[in-house]
Amino acid sequence: MTDTIIFDLDGTLLDTLTDLMDSVNFALDKFGYPERTYDEIRRFVGNGVRVLMQRSVPSGVEGEEFEKAFNVFRDHYLKNMRNKTDAYDGIRETLKVLKDHGYKIGVVSNKLDVAVKELCEDYFGSLVDYAKGADGESDRKPNPENTWKCIDSLGAKRENCIYVGDSEVDIKTAENAGLPCFSVSWGFRTRDELTANSAKIIIDKPQELLE
């Protein structure tokens with residue numbers, strides 16, 4: 001019997017894309033690189049902010065200014081990550097119903113751990129029981145390590161958990177963790193992109209989780 005739901009954050013619970021784009025372009029502009037479009041950023045996200053910047057900087061991680069550009073992005077984003085970010089329609093209401101029915105709610109993201117914790121607290125408060133971001137390259141999804149940590153911290157059993165996310169990374173994370181995956185169509189990937197990456201269950205609005 002399902003009693004625990006683990007969510008991705010960006011593109012699943014929160015629409016963070018414009019703030020991410022603004023911080024990426026702030027860093028790119030500082031070093032004279034061309035700015036990236038909204039659709040490019042949409043396609044670049046999912047594997048953590050370091051990979052986002054690797055894909056955004058023309059010379060990638062091999063460029064001599066990459067680390068400086070990444071640090072400018074990181075500092076700018078942590079100061080500006082609430083400017084245009086908000087929960088998707090129906091998310092807070094859905095989380096509240098789940099909590100009222102006794103479900104445990106976790107969040108596991110490839111976002112910077114400090115950002116995950118702060119954003120979950122700011123936007124969801126007590127509706128989220130556990131929040132974990134990536135501390136580096138070794139623990140980011142689709143590595144299931146942080147998902148398993150979440151399950152253990154919540155006192156749950158894997159057979160009673162489901163994973164909810166918006167990308168191919170989340171589909172693979174759930175598979176690696178041994179969990180069923182619900183993919184959401186309102187995030188940073190299209191329904192066609194999800195289907196092409198072997199999504200088995202796709203929902204179109206948060207309230208469908210309650211069904």
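Just one of (1) 57, 36, 32; (2) 53, 33, 29; (3) 58, 40, 24 is Cα extents along the principal axes in Å as worked out from the coordinates here. Which one is it?
Of the listed options (1) 57, 36, 32; (2) 53, 33, 29; (3) 58, 40, 24, (2) comes from this structure.
Can you list the HN-Hα couplings for the range 87-104, worked out from phi with the Karplus curve (6.51, -1.76, 1.60; θ = phi - 60°), rounded to whole Hz and with x for Gly and Pro?
The phi angles translate into 5, 5, 4, x, 5, 4, 4, 5, 4, 5, 4, 4, 4, 4, 9, x, 6, 8 Hz.
Using Cα springs under 10 Å in a Gaussian network model of the chain, which residue among G165, G48, G102 shows the largest mean-square fluctuation?
G102
Could you go through the range 68-80 in sequence order and give the Karplus-derived ³J(HN,Hα) for each residue, using 6.51 cos²θ - 1.76 cosθ + 1.60 with θ = phi - 60°, rounded to whole Hz, and x for Gly and Pro?
Along the range 68-80, the couplings run 5, 5, 4, 5, 5, 4, 4, 5, 5, 5, 5, 8, 10 Hz.
Tell me, what is the percent relative contact order of the range 75-133, built from C-alpha pairs under 8 Å that lie six or more residues apart?
Contact order relative to length: 36 percent.
Amide H to amide H, which residues 5 or more places from I203 or on other chains are under 5 Å from it, using H placed in the peptide plane?
Amide H neighbours of I203: S183, V184, S185.
Which percent of the accessible area of the range 1-93 is formed by carbon and sulfur heavy atoms (probe 1.4 angstrom)? Intermediate results must be reported in sequence, preceding the final value.
Details: 1990 of 4330 Å².
Here carbon and sulfur together make up 46 percent of the probe-accessible area.
Can you tell me, using C-alpha contacts under 8 Å and at least 6 residues apart, the relative contact order of the chain as a whole percent? Can you show the working numbers first?
Values: 373 pairs, mean separation 54.3, N = 211.
Relative contact order for the chain comes out at 26 percent.
Taking amide H positions as placed in the peptide plane 1.01 Å from N, state which residues far from D86 in sequence (5 or more) or on other chains have amide H under 5 Å from it.
D15
Taking the alpha-carbon centroid of each part, what is the distance from the range 119-170 to the range 51-112 in angstrom?
Here the two parts' Cα centres lie 13 Å apart.
Over the range 101-211, how many pairs of lysines fall under 13 Å by alpha carbon, counting only those 8 or more apart in sequence or from different chains?
10
Check K104: other-chain or 5+ apart residues with amide H under 5 Å from its amide H, H built from backbone geometry?
Amide H neighbours of K104: T4, I5.
Under the Karplus relation 6.51 cos²θ - 1.76 cosθ + 1.60, θ = phi - 60°, what is the ordered set of whole-Hz ³J(HN,Hα) values for the range 128-133, x standing for Gly and Pro?
Whole-Hz 3J(HN,Hα) from phi for the range 128-133: 10, 7, 8, 9, 9, x.
The values are calculated or read from the model by the stated rules, or taken from the named source; none is laboratory data. Computed from a predicted structure; not experimentally measured. Side chains are part of the model used for accessible areas, which takes the heavy atoms of the whole protein and leaves out ligands, DNA and RNA. Shrake-Rupley method; radii C 1.70, N 1.55, O 1.52, S 1.80 Å.
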